[in-house]
Amino acid sequence: MKLIRGLVVFSGFLLNSILADSVVDLSDSDFESSVAQYDTSLVMFYAPWCGHCKKLKPEFEKAAKSLLKEDPPVTLAKVDCTEAGKETCNKFGVSGYPTLKIFRNGEISKEYSGPRDAGGIVKYMKSQVGPSSRDLATLESVELFKSKDDVVVIGFFQTETDLKGKFIQLANKLREKVNFGHTTSESVLDKFNYKNNIVLFRPKHLSNKFEDDFVVYDGEESASALESWITSNYHGLVGYRQKENIEAFKPPYVGVYYAVDYLKNPKGTNYWRNRVLKVAKSVKGVTFAINNKDDFQHEINEYGLDFVSDNKPIVLARSLDNKKFIMKDEFSVENLEKFVKDFQNGDLEPYIKSEPIPEDNSTPVKVAVAKNFDDLVINNGVDTLVEFYAPWCGHCKSLAPVYEQVAEKLKDEAVSLVKIDATANDVPSSFDVRGFPTLYWLPKDNKAKPIRYEGGRDVNDFIKYIASKATNELNGFDRSGNPKDGKDEL
């Protein structure tokens, strides 16, 4: 009995060791010889101290285990750029971490530009091996291809036509996003009764009574028209929105958030999706999607909500001009119908993430929040410099006294300096804020086109910039930023 238990423990240990080795560790001494052995490999160049690398590592390992089972397999490897892989990283121009590159038989193929979660990595890399369109020679191979948990597009071609050429051309372009297959088998063509057709098949778990499980292409023989058709039909009436396909769901958008899980609870998942479908089938001009509430908790927080209960979904919407809306009523088909109608008609009040408007805003640097942003920045009638900051940002803290000095020196000018906490307030879509601090200059007569401030960060730098850009020349400074009274500025 002890021997059996020992064997079980050893077997478990061995299995864990094998799984742990799914990602191959490479160094300067073995990189070239090892990568040359793999038909296709994805290599992560990393630094152990890098936070983004630490976040990617478990996703990379999960993807590696899955991709090794594919036919043909895809190998995932990693190189430590701070130790044994320094020369290799320098050779391939690695300047940031993590950097991912695709290799084929030892030669670099391309930069990896796909998702960085396990599912997204697997899908992207599976598209990198084999032909862009799978040759489906038998009925069994067609059925197996159709059984994927994703959309597939199959070309049924009896003869060599321009349509087939456009199909293969598009498959080469979209291989990373769409599963393409084609067949010229007479038995397959007869079985499906297609001669020269292209058909989009939706996965079985998304089957419903409100739309067909497949769509037949009836457009012109052009790659652009075919691509447009695939894009418009790919997700159906109500798509399953995930991190790797988020870009496909453009505003105006209505999202339904709940415990979406097609592995453990497909029936419960479709119970709510079918109710959304019932509304979506009669609505034009709006993108609908279901979302896993845990995967999009950050998005839910953006609407001022802490969590979604397990009882009923919540509904969130975003308009074409990036305004946010929340369905306040409990989820039901009738309430969703009313919400969508009001959303389309512009009868809803948008949700604005905002701090309270300051009771006292008499300091030289004005404090904006989302609720008074337009008043203090857009409609104030003067040239404006606005800083988007984060309370925890070290660079923002260093800039604060400088910014205040500039505002003090310009307090009698027709110029306003404003700051807004971009972590606690919604940022208007016309401002691209990806780091802190970010500053924009807005001339009083052209507030629709903010200009990113790229100048220096000391007092003189700001004064010179504002003096040169001001709509009307400043009272106290000439266009070069020199004081008009002749005194040195600092």
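What nm value, rounded to one decimal, do you get for the distance between Gln169 and Thr423 when each label is placed 7 Å out toward the C-beta?
5.1 nm
Suppose every Lys and Arg Cβ carries +1 and every Asp and Glu Cβ carries -1, with no other charges. What dipole size does the chain come out with about its Cα centre, to the nearest 20 debye?
1100 debye
Give the angle, between 0 and 90 degrees and rounded to the nearest 10, that separates the Cα long axis of helix 162-174 from the longest principal axis of the Cα atoms of the chain.
60 degrees
If I model a spin label at Tyr303 and Lys110 as a point 7 Å from the Cα along the Cα→Cβ vector, what separation in nanometres do I get?
The modelled label-to-label distance comes out at 3.5 nm.
For Met327, tell me the accessible area in Å² from a 1.4 Å probe, rounded to the nearest 10.
Estimated to the nearest 10 Å², Met327 gives 20 Å².
Compute the convex hull volume of the Cα atoms of the stretch 236-381, divide it by the residue count, and report the result per residue in Å³ as a whole number.
144 Å³
Filter the cross-link list Lys173/Lys293; Lys444/Lys464; Lys191/Lys264; Lys126/Lys323 down to pairs whose alpha-carbon distance in this structure exceeds 26 Å.
Lys173/Lys293; Lys191/Lys264; Lys126/Lys323
So, with a 1.4 angstrom probe, what is the percent of accessible area on the chain that is carbon and sulfur?
That fraction is 49 percent.
What do you get for the angle between helix 2-20 and the principal long axis of the chain? Use alpha-carbon atoms, 0 to 90 degrees, nearest ten.
The two axes meet at around 60 degrees.
Convert each backbone phi in the stretch 75-90 into a coupling constant with the Karplus relation 6.51 cos²θ - 1.76 cosθ + 1.60 (shift: θ = phi - 60°), then list the ³J(HN,Hα) values in order as whole Hz, x for Gly and Pro.
9, 10, 9, 9, 10, 7, 7, 9, 10, 6, x, 4, 5, 5, 5, 5
Contour minus end-to-end for Lys204 and Asp432, with contour as 0.36 nm per residue of separation and end-to-end as the Cα-Cα distance?
Result: 78.1 nm gained on full extension.
For every helix of n ≥ 4 consecutive DSSP H residues, a contribution of -39,500 (n - 2.57) applies; sum these over the chain, divide by its total residues, and give [θ] at 222 nm rounded to the nearest 500 deg cm²/dmol.
Computed ellipticity for the chain at 222 nm equals -9500 deg cm²/dmol.
From largest to smallest, what semi-axes in whole angstrom does the stretch 405-468 give when each is the square root of 5 times an eigenvalue of its alpha carbon gyration tensor?
With the √(5λ) rule applied to the stretch 405-468, the semi-axes are 20, 14, 12 Å.
When DSSP assigns beta bridges and you keep just the ones with both residues in the stretch 181-299, what percent turn out antiparallel, to the nearest 5?
Restricted to the stretch 181-299, the bridges split so that about 30 percent are antiparallel.
Compute from the Cα atoms of the stretch 132-257 the Rg and the Dmax, the latter being the longest Cα-Cα distance, and quote both in angstrom.
Every Cα atom of the stretch 132-257 included, Rg and Dmax give 14.7, 46 Å.
Per residue, what accessible area does the chain have, given a 1.4 Å probe and all protein chains present, in Å²?
Value returned for the chain: 54 Å² of accessible area per residue.
Per-residue counts of other Cβ atoms within 10 Å, averaged by peptide: what ranking do you get for 412-421, 458-467, highest first?
412-421, 458-467
Put a dot 7 Å past each Cα toward the Cβ at Asp445 and Glu337; how far apart are the dots in nm?
5.3 nm
Rank Ile357, Leu399, Thr40 by how far each Cα sits towards the positive end of the charge dipole of the chain (+1 on Lys, Arg Cβ; -1 on Asp, Glu Cβ) and give me just the farthest.
Thr40
Between Asp28 and Asn475, what FRET efficiency follows from the Cβ-Cβ distance if R0 is 45 Å, with the result rounded to 0.05?
0.10
How do the peptides 149-155, 441-447 rank, highest first, by the average count of neighbouring beta carbon atoms within 10 Å per residue?
Packing proxy ranking, top to bottom: 149-155, 441-447.
For the stretch 326-440, what does the equivalent ellipsoid look like in terms of its semi-axes, each the square root of 5 times an eigenvalue of the Cα gyration tensor, given largest first in whole Å?
35, 16, 12
Among Gly114, Val151, Cys81, whose Cα projects farthest towards the positive end of the dipole of the stretch 71-169, with charges put on the beta-carbon of Lys, Arg (+1) and Asp, Glu (-1)?
The residue sitting farthest along the positive end of the dipole is Cys81.
Might you report the magnitude of the Cβ-based charge dipole of the stretch 29-125 about its Cα centre, with Lys and Arg at +1 and Asp and Glu at -1, to the nearest 20 debye?
Once rounded to the nearest 20, the dipole reads 360 debye.
Quick check for me: using +1 on Lys/Arg Cβ and -1 on Asp/Glu Cβ, what's the dipole size of the stretch 90-177 about its Cα centre, in debye to the nearest 20?
I would put it at about 360 debye.
Rounded to the nearest 5, what % of the DSSP beta bridges within the chain are antiparallel ones?
So the antiparallel bridges amount to about 50 percent of the total.
For Asp261 and Glu404, what is the calculated FRET efficiency with R₀ set at 35 Å and r taken between the beta-carbons, to the nearest 0.05?
That pair, Asp261 with Glu404, gives E of 0.10.
Assuming 0.36 nm per residue, please report the length gained on full extension of the stretch Gln37 to Leu144 beyond their Cα-Cα distance.
35.6 nm
The values are calculated or read from the model by the stated rules, or taken from the named source; none is laboratory data. What you see is a predicted model; the values in this text were computed from it and never measured. Backbone-built Cβ (ideal geometry, glycine too); neighbour counts: all protein chains shown. Accessible surface is based on the protein model in full, side chains and every heavy atom, while ligands, DNA and RNA are left aside. Shrake-Rupley method; radii C 1.70, N 1.55, O 1.52, S 1.80 Å.
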